[in-house]
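Below is one structure, written out as structure tokens; the observations come after it.
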Amino acid sequence: MRSTQARNEEYFSFLRSVSLLKDLPEEKLARIVDCLEVDYFDEGDYIIREGEEGSTFFIIAQGGVCVTQTMEGCPDPQQIKTLGVGDYFGEKALISEDVRSANIIATENNTQCLVLDRDNFNQMVGTYEELQAYLREYVEQLARSDQRRNAM
Ligand code: WNU
């Protein structure tokens, strides 16, 4: 078995490489590592379903996902983007206090996501105004692009 310390060091240096988190102080990042859970998904698994309640934030540590969304006039959800290692998702429901606004589906077997719950997410962004402002701005952009493509 890999030791907890080895695991934590691995996630610590991985999180350092995530652009969103690169400026967080060491102790903050170490706290995140202590709090995160790892979830594993296979190709085709729904990680997030549009319209459901959700209170978790995800960072992709291995594999990839696609983002799909229901649009006016289309019977099936349409793919709007793909995300890979180091990308994150699920912030919008937390920040807008709304239901999930898109589907997130694993596109590879053994896709691994680091998962933070609402409390830990708030702790992570809460004390960093820049991070908070950055995510809020991004979430507003997402809402605007949803409107432009007539997402429902
Ligand atoms: C999009 N529209 C919507 C993505 C991830 C992180 C950032 C874009 Cl900062 P949620 C569904 C999640 C949502 C977002 C993600 O899907 N998403 C989008 C869009 O055009 N959501 N409505 N693109 S990838 C992405 C920016 O994370 O959060 O909790 O669940 O609503």
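Here are the numbers for this structure:
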quantity	calculated
Rounded accessible area per residue of the chain, 1.4 Å, Å²	57
Rounded accessible area of Phe89 (nearest 10 Å², 1.4 Å probe)	10
Length gained when the stretch Thr127-Val85 is fully extended (0.36 nm per residue, less Cα-Cα span)	12.6 nm
Taking the chain and dividing mean pair separation by its residue count, relative contact order in percent (alpha carbons under 8 Å, at least six apart)	30
Hypothetical label at Glu137: residues of the range 1-40 whose amide nitrogen lies under 20 Å (7 Å Cα-Cβ projection)	18-25
Portion, in percent, of the accessible area of the chain that falls on carbon or sulfur, probe 1.4 Å	43
Residue-span extension gain [Arg118 to Glu52] - 0.36 nm each, minus C-alpha spacing	22.2 nm
Rg [Å, one decimal], Dmax [Å, integer] - the range 37-148, C-alpha atoms	13.8, 42
Listed residues Ser19, Ser96 arranged by accessible area, highest first, probe 1.4 Å	Ser19, Ser96
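The values are calculated or read from the model by the stated rules, or taken from the named source; none is laboratory data. On a predicted model such as this, the values are computed, not experimentally measured, just so you know. Because the Cβ atoms are built from the backbone with ideal geometry, glycine has one as well, and the counts that use them run over all protein chains shown. The protein model used for the area step is the full one, side chains on, heavy atoms only, and it has no ligands, DNA or RNA in it. Shrake-Rupley method; radii C 1.70, N 1.55, O 1.52, S 1.80 Å.
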